[in-house]
Amino acid sequence: MAEPIRVVVTGAAGQIAYSLLFSIAKGDVFGKDQPIILILLDIPPMLPVLDGVVMELQDCALPLLREVIPTDKVEVGFKDIDAAILVGSMPRKEGMERKDLLKANVAIFKTQGQALDKYAKKTVKVLVVGNPANTNCLIASKSAPSIPKENFSCLTRLDHNRACSQVAMRCGVSSDKVKNVIIWGNHSSTQYPDVHHAKVNVSGSEVSAYDAVKNDAWLRGDFISTVQLRGAAVIKARKLSSAMSAAKAICDHMRDIWFGTKEGEFISMGVYAAGNSYGIPEDLIYSFPIQIKNKTWKVVDGLPINDFSRAKMDATAAELVEERDTAMDFLSQ
């Protein structure tokens, strides 16, 4: 049996974590033969709730789960960890400006970045989920200068999965028959779900998404806005934000980091934009098409980009630049 790996989940008393922890502990993410020590980090008022989560994880009687450590201390939470899933963040409250939200989250992710820098393994893989995820990820990375920038990513896999599912439903196929959709840019309503390079397997043969869907107006209109606004639609219906689907996307994202992407396929991840071939400003965490091998990601370069896509890719980049600049002001204060 392998040595246990140490995985921290922040915001561990929250509803995304509640859907996520079971999947991690039973081997869906890091492998069916990989023992796990789970560290559950949350703020002090949530510790009684965390105790209940620990009890439930114990009661699942999962053979891979070696230990569960609930804590409100970053020095415990980030000690010698192999993977960090940063779910906890300050949620946007009614009447809150995006600027106020950024300010609160800069403080959180600066602290967590510094703790990663001080306590975590230098090989740690860090996934930022808490919103605004791209900019929170950038702040965490900048606050952890001794950890390679490539080790940080943010979650746009939920948007990617939403896009796959919309195309699949439209074509009357299962979602695993759709591949190579791309989420460009920010995990916000400016993100650009792009299917110009996507393929759909229809009755055993692969065709382009445009040929499979046969409705260009839908693909350039309602499809894009449905994916962009899906989170808000879930909140409106459920009165709570996406949890089950977010947890599934986190599992997909981390499993791909650990085990790699399939040959000839790419997924979407928010990563450091340095050295990209798409003219995206470098000092951003931006979602690109990504392939992963040996726990190392690379941007799929050289895909042809038409004018329609270009405008949307640039618009979401502009929002990220503005977010970054605002956040950097707070960071320097």
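The values are calculated or read from the model by the stated rules, or taken from the named source; none is laboratory data. What you are looking at is a predicted structure, and each value in this text was computed from that prediction instead of being measured. Quick reminder, even Gly has a Cβ in these numbers, built from the backbone with ideal geometry, and neighbours come from all protein chains shown. Just so you know, the surface numbers come from the protein's heavy atoms only, side chains and all, with ligands and any DNA or RNA stripped out. Shrake-Rupley method; radii C 1.70, N 1.55, O 1.52, S 1.80 Å.
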*Among the residues of the stretch 266-281, write down those that are among the hydrophobic types (A, V, I, L, M, F, W, C), open to solvent by less than 10 Å² (accessible area, probe 1.4 Å) and within 13 Å of the chain's Cα centre (by Cα).*
MET269, VAL271
*Do any strands (runs of 3 or more DSSP E) lying entirely in the stretch 222-311 carry at least 3 residues that are touching an Asp or Glu at 6+ places or on another chain (Cβ under 7 Å) and without any contact (Cβ under 8 Å) to a residue 12 or more places away in the chain, and which ones are they?*
none
_Subset of the stretch 235-265 [crowded, with 17+ Cβ neighbours inside 10 Å and among the aliphatic types (A, V, I, L, M)]_ = ALA243, ALA246, ALA247, ALA249, ILE250, MET254, ILE257
*If only one of LYS248, LYS179 is of a type in the set (Lys, Arg) and more than 26 Å from VAL8 (Cβ to Cβ), which one is it?*
LYS179
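Do any strands (runs of 3 or more DSSP E) lying entirely in the stretch 1-86 carry at least 3 residues that are open to solvent by 10 Å² or more (accessible area, probe 1.4 Å), and which ones are they?
Values: elements: 5-10, 36-41, 65-71, 83-86.
Fully inside the stretch 1-86 and qualifying: 65-71.
Tell me whether the stretch 116-125 contains one or more residues that are part of a strand (DSSP E or B) and within 22 Å of ALA274 (Cα to Cα). If you could, list the steps in order and put the result at the bottom.
Quick first cut of the stretch 116-125, residues part of a strand (DSSP E or B) only: 125.
Within this subset, residues satisfying the condition of being within 22 Å of ALA274 (Cα to Cα) are 125.
Yes: the stretch 116-125 contains one or more residues that are part of a strand (DSSP E or B) and within 22 Å of ALA274 (Cα to Cα).
For the stretch 210-232, which residues satisfy the criterion of being buried (at least 19 other Cβ atoms within 10 Å of the Cβ) and either out of contact with any Lys or Arg (no Cβ under 7 Å at 6 or more places or on another chain) or not β-branched (Val, Ile, Thr) (or both)?
Residues satisfying the conditions are ALA212, LEU219, PHE223, ILE224, GLN228, ARG230, GLY231.
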*For the stretch 178-209, enumerate the residues that are surrounded by 18 or more Cβ atoms within 10 Å (Cβ to Cβ), assigned to a strand (DSSP E or B) and not β-branched (Val, Ile, Thr).*
LYS179, TRP184, GLY185, TYR192, PRO193, ASP194, LYS199
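Among the residues of the stretch 20-29, is any in contact with a helix residue (DSSP H, G or I) (Cβ under 7 Å, 6 or more places away or on another chain), farther than 13 Å from LEU64 by Cβ and among the polar types (S, T, N, Q)? Lay out the reasoning, then the answer.
Within the stretch 20-29, the first condition is being in contact with a helix residue (DSSP H, G or I) (Cβ under 7 Å, 6 or more places away or on another chain), and the residues that meet it are 20-21, 23, 25, 28-29.
Right, trim to farther than 13 Å from LEU64 by Cβ and you get 20.
The next check asks that each one be among the polar types (S, T, N, Q); those that pass are none.
Looking through the stretch 20-29, none of the residues is in contact with a helix residue (DSSP H, G or I) (Cβ under 7 Å, 6 or more places away or on another chain), farther than 13 Å from LEU64 by Cβ and among the polar types (S, T, N, Q).
Listed residues ILE147, ILE139; which is aliphatic (A, V, I, L, M), in the same structural domain as VAL9 (by the TED database), modelled with pLDDT of 95 or more and farther than 23 Å from MET96 by Cα? Lay out the reasoning, then the answer.
Values: ILE139 fails: farther than 23 Å from MET96 by Cα.
Result: ILE147 is the single residue among ILE147, ILE139 that is aliphatic (A, V, I, L, M), in the same structural domain as VAL9 (by the TED database), modelled with pLDDT of 95 or more and farther than 23 Å from MET96 by Cα.
Right, PRO70: assigned by the TED database to the domain that holds ALA120 and more than 21 Å from TYR119 (Cβ to Cβ) or not?
no
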*Quick one: in the stretch 127-150, which of the residues that are surrounded by fewer than 23 Cβ atoms within 10 Å (Cβ to Cβ) and in a helix (DSSP H, G or I) is farthest from the chain's Cα centre (by Cα)?*
LYS142
*asked:* Looking only at the stretch 282-332, filter to residues that are out of contact with any strand residue (DSSP E or B) (no Cβ under 7 Å at 6 or more places or on another chain) and aromatic (Phe, Trp, Tyr); which one of those is surrounded by the fewest Cβ atoms within 10 Å (Cβ to Cβ)?
replied: PHE308
